[in-house]
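Nothing in this text is a laboratory measurement; each read-out follows from the coordinates by a stated rule. Everything numeric in this text was worked out from a predicted model, so none of it was measured. For neighbour counting, all protein chains shown are included, and Cβ atoms are generated from backbone atoms with ideal geometry for every residue, glycine included.
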Amino acid sequence: MTDLASRPAQAPEAGARRRRAIGAQRLSDATILLLLIGMIAAFSVLTPAGTFLSLSNFESVLLTASQLLILSCGTTFLLIAGGLDLSIGAVTVFSAVVVAKVMGALAGTAAQAADFQYPNLAVAVAAAVGGGLAVGLGWGVLNGVLAVRTRIPPFIATLATGGIVLGLASVWTDGQNVQNVPLPFQTGFGLGKLFGVVPWPIVIAAVVTAVSWVLLAKTRFGLHTYAMGANLEAARRAGIDVGRHMVLLYAGMGALCGLVAIIDVGRFGTASITSHSGDGLAAIAAVVIGGTSLFGGRGRISGTIVGALIPAVLQSGFVIMDVQPFWQNVAVGVVLLVAVYVDQVKIRAQTRA
Amino acid sequence: MTPVLELRGIDKSFGPVQVLHDVAFTAYAGEVTALVGDNGAGKSTLVKCVGGIYPIDSGDYLFEGKPVHVNSPRDAAELGIEIVYQDLALCDNLDIVQNMFLGRERRNGLVLDEDSMEELAQKTLASLSVKTVKSIRQLVSSLSGGQRQTVAIAKAVLWNSKVVILDEPTAALGVAQTAQVLELVRRLADNGLAVVLISHNMNDVFAVADRIAALYLGRMAAQVKAADVTHSQVVELITSGRSGELGLKNGSGVTQ
Ligand SMILES: Nc1ncnc2c1ncn2[C@@H]1O[C@H](COP(=O)(O)OP(=O)(O)OP(=O)(O)O)[C@@H](O)[C@H]1O
Ligand SMILES: [Mg+2]
């Protein structure tokens, strides 16, 4: 045992000690990364050359993963803080309906749209994007206030708001997908590429991921998120406004749903009522596979990236191998079970220590 | 001498249950004031009122002679009051440095200034002659009870506080670690802080305390100089609320 007090404090040594401590934690996350690399290697061998392992397939995998990755970033924060949001699929659908309706209504008259003429395109896109984000944010704030004020467990609270929000979206649209999305929004944004190289959805997902990473690992906000998940009372006594922080996390989650809705409408040119019902659970699965604890207090964005990529890699591999892509669900379920089991073993080992 | 911390006529109820009745309490700079009382007497509740965790129903709260309103842990911290709670309240998933700075982190622009916090934490532990922790980047979950207590105390000392309140800091500790913590408590007072120590152990109390305040069923039975009373008088105050001339007059709630 070293005598800490008698050793003079040295800044360089300080940094090295911290990096060592962090390194030890990262080691355990490496397992899931190895799994992903193993999957990629296996598919590369099992598929014809130039199909799975190609730049275009790489791009398509990232494109598939982009929306899940954005939702998973928000979910990582929530789970670490001890929250949970099952309504994110519904909020995404509702926001998408707002985006599509606002854009369709403002871009021009129906006659003009029939001729692919959109005289007010810029205004329409701006209003739709703002509206989608605002509506997502609003539902997020509602979830947060419910979780903080009523003390209804977030599992139930967000299950209920999810049902309400999806119900309202269906009532509003008669359960029909919303069409009439201006074509240029799809060609220019949803299918467009930054500098003609990187698809916009991938760019946005990368930015969200990078910001989340820094926010969680390097800032006061991130540290407080961890503290709340481990010991809410300790966080409160340390002077952290835990109620406000929690509402902010749910609000951010809602805004990310709005962002995903904008991407979704851009990619598919329609607001789909039915295609996002599983998003909430998919995001939770990705985050937990990535090593974030369902019980709060532990997790990292690096793990979440891996967790969000696994379903897309599986899907792509199975499609190219001509295996029914539904096997993806089976595989993700198995990986999830293993991840949670490993997490619990870790917790048990820790409490025994 | 003006007490650093003075409470007068504090009442506190939880719903229909009144836990504190007309409690008066003072703590002076450079002294250790022991707060004693049986289980459920209201010691922790009184401390949480001081710390802004529970709002008081009525009564005066004076800090350095001036009336103040403490409505949150942040208010108490801003005055210079630090509390080491009975249940410690550390975050197991954070390391020692992170726990010591929680809620008051140093920043370098937008990101945390880890190196400067680490250095300061190091210095604080060194100034307290803490020699038992291996690395200050250790997770708190890996520490022993005494080490956790030390971290909590160091956290309180870090902030140049004027009042440090410790709720049963030695309850779960062995002989050697208890002696270390008591030594730490004495050193804090000798450095000019007002220290409040809650303890059930009369030996500990008489070893370090300058004054003793005894709570009995939510009422302040007596606050006396430690030199003026004996072990058995304090035990009587704790168990029956009175001892000869000292203490409550037949449940009337009036302090001598
Ligand atoms: N949040 C609360 N709600 C209701 N009653 C409470 C609450 N906190 C404390 N009490 C009650 O107030 C009384 C005093 O409790 P307190 O914890 O202050 O006692 P204590 O003197 O610290 O005891 P111990 O020595 O066991 O720590 C007890 O009867 C307890 O049940
Ligand atoms: Mg107590």
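Per-residue counts of other Cβ atoms within 10 Å, averaged by peptide: what ranking do you get for A:222-231, A:107-116, highest first? Don't jump to the answer; show the numbers that get you there.
Values: A:222-231: 24.3, A:107-116: 13.4.
The densest-packed peptide leads the list: A:222-231, A:107-116.
About the Cα centre, and with charges only on the beta carbon of Lys, Arg (+1) and Asp, Glu (-1), how big is the dipole of the protein assembly as shown? Nearest 20 debye, please. Walk me through the numbers before you get to the answer.
Working: 44 positive and 42 negative charges, 126 e Å.
So the magnitude is around 600 debye.
Test of understanding: extend the Cα→C-beta vector of B:SER144 to 7 Å, then name every residue of the range B:174-205 with backbone N under 15 Å from that spot.
B:174-182
Just counting partner chain Cβ atoms within 10 Å, what average do the residues of peptide B:213-226 show around their Cβ?
The shielding value for this peptide is 0.
Please average, across the residues of A:231-244, the number of beta carbons from any other chain that are within 10 Å of each residue's own beta carbon, and give a whole number. Don't skip to the end; give the middle numbers.
Details: counts 11, 2, 5, 12, 4, 5, 16, 13, 11, 5, 3, 0, 0, 0.
Counting Cβ atoms of other protein chains within 10 Å of each residue's Cβ and averaging gives 6.
Say the dipole of the range B:90-159 comes from +1 at the beta carbon of Lys and Arg and -1 at that of Asp and Glu; which of B:THR150, B:CYS91, B:ALA121 then lies farthest toward its positive end?
Comparing the listed Cα positions along the dipole, B:THR150 ranks first.
In degrees, nearest 10, range 0 to 90: what is the angle between the Cα axis of helix B:231-240 and the longest Cα principal axis of chain B?
Long axis of B:231-240 versus the principal axis of chain B: about 70 degrees.
Using +1 on the beta carbon of Lys and Arg, -1 on that of Asp and Glu, and nothing else charged, what's the dipole of the range B:90-159 about the Cα centre, debye to 20? Walk me through the intermediate numbers first.
Numbers: 9 positive and 8 negative charges, 52 e Å.
Around 260 debye, computed over the range B:90-159.
From the P(r) of the range B:90-159, can you give the percent of Cα pairs sitting at distances over 14 Å?
Numbers: 1301 of 2415 pairs.
Roughly 54 percent, rounded to a whole number.
With label points built 7 Å along Cα→Cβ from the Cα atoms of A:THR31 and B:ASP22, find their separation and express it in nm.
Calculated label separation equals 6.3 nm.
Once you have the alpha carbon radius of gyration of chain B, what is it after dividing by 2.2 N^0.38 Å, with N set to its residue count? Mind dumping the intermediate values first?
Details: Rg = 18.4 Å, N = 256, 2.2 N^0.38 = 18.1 Å.
Rg over 2.2 N^0.38 Å, computed on Cα atoms: 1.02.
If I model a spin label as a point 7 Å beyond the Cα along the Cα-Cβ vector, how far apart are those points for A:ASP174 and A:LYS346 in nm?
With each label point 7 Å from Cα toward Cβ, the separation is 5.1 nm.
Got a sec? How would A:MET246, A:MET253 order by Cβ neighbour count within 10 Å, fewest to most?
A:MET246, A:MET253
Rank by packing, highest mean first: peptides A:37-50, B:227-240, with packing defined as the count of other Cβ atoms within 10 Å averaged across residues.
Values: A:37-50: 13.1, B:227-240: 15.5.
Most protected by this proxy first, the peptides run B:227-240, A:37-50.
Determine which residues of the range A:316-332 fall in the zone a paramagnetic label at A:SER44 would reach in this model, i.e. backbone nitrogen under 15 Å from the point 7 Å along Cα→Cβ.
Counting only backbone N, you get A:317.
Less than 16 Å from a label point 7 Å out along the Cα-to-Cβ axis of A:PHE326: which backbone N atoms in the range A:267-304 qualify, by residue?
What the label zone holds, given the 16 Å backbone N cut-off, is no residue at all.
Take the cross-link list A:LYS218/B:LYS48; B:LYS66/B:LYS249; B:LYS43/B:LYS131; B:LYS12/B:LYS249; A:LYS346/B:LYS48; B:LYS131/B:LYS225 and give me the ones stretching past 27 Å between alpha-carbons.
A:LYS218/B:LYS48; B:LYS66/B:LYS249; B:LYS43/B:LYS131; A:LYS346/B:LYS48; B:LYS131/B:LYS225
For chain A, what are the DSSP H helices with axial Cα length of 24 Å or more and mean Kyte-Doolittle hydropathy of at least 1.6?
Values: long enough: A:11-46 (51 Å, 0.72); A:55-81 (38 Å, 1.45); A:88-107 (28 Å, 2.05); A:121-145 (35 Å, 1.76); A:154-173 (28 Å, 1.52); A:200-218 (27 Å, 1.89); A:242-268 (39 Å, 1.35); A:301-320 (29 Å, 1.80); A:327-352 (38 Å, 0.67).
Result, helices passing both filters: A:88-107, A:121-145, A:200-218, A:301-320.
Given a Förster distance of 30 Å, report the FRET efficiency between A:GLU59 and A:ARG149 from their Cβ-Cβ distance, rounded to the nearest 0.05.
Efficiency, rounded to the nearest 0.05: 0.10.
Using alpha-carbon positions, what is the distance between the centroids of the range A:220-275 and the range A:61-120, in Å?
Going from one Cα centre to the other spans 16 Å.
What's the magnitude of the charge dipole for chain B around its Cα centre, counting Lys and Arg as +1 and Asp and Glu as -1 at the beta-carbon? Answer in Debye, nearest 20. Working shown, then result.
Values: 23 positive and 29 negative charges, 20 e Å.
Around 100 debye, computed over chain B.
For chain A, with the dipole built from +1 on Lys and Arg beta-carbon atoms and -1 on Asp and Glu ones, taken about the Cα centre, which of A:VAL242, A:VAL61, A:GLY162 lies farthest toward the positive end?
Checked the options; the winner is A:VAL242.
What's the center-to-center distance, using Cα atoms, between the range B:172-200 and the range B:202-228 in Å?
15 Å
Compute the acute angle (0 to 90°) between the alpha-carbon long axis of helix B:145-157 and the principal axis of greatest extent of the alpha-carbon atoms of chain B; round to the nearest 10°.
Relative to chain B, helix B:145-157 is tipped by roughly 90 degrees.
Applying 1/(1 + (r/R0)^6) with R0 = 35 Å to the Cβ-Cβ distance of A:ALA206 and B:HIS69, what FRET efficiency is obtained, to the nearest 0.05?
On the way: r = 48 Å, r/R0 = 1.38.
Given R0 = 35 Å and the Cβ-Cβ separation, E is 0.15.
Would you mind checking the tilt of helix B:114-127 against the longest principal axis of the Cα atoms of chain B, expressed as 0 to 90 degrees and rounded to 10?
Approximately 50 degrees, to the nearest 10.
Please work out the Cα center distance from the range A:300-315 to the range A:161-210, rounded to the nearest Å.
Answer, in whole Å: 21.
Per residue of B:136-145, how many C-beta atoms from partner chains lie within 10 Å of its own C-beta, taken as a mean? Write down the numbers at each step before the final one.
Numbers: counts 6, 8, 2, 5, 3, 5, 2, 0, 0, 0.
Per residue, the average neighbour count from other chains is 3.
Using the Kirkwood radius built from alpha carbon pairs, what does the Stokes-Einstein equation give as D for the range B:1-147 at 37 °C and 0.692 mPa s, in µm² per second? Please report the intermediate quantities before stating the final value.
On the way: Rh = 17.6 Å.
It diffuses with D of about 186 µm²/s by this estimate.
Give me the one-decimal nm value for the distance between modelled label points at A:ILE156 and A:THR109, 7 Å along each residue's Cα-to-Cβ direction.
Taking the simple label geometry, A:ILE156 and A:THR109 are separated by 5.4 nm.
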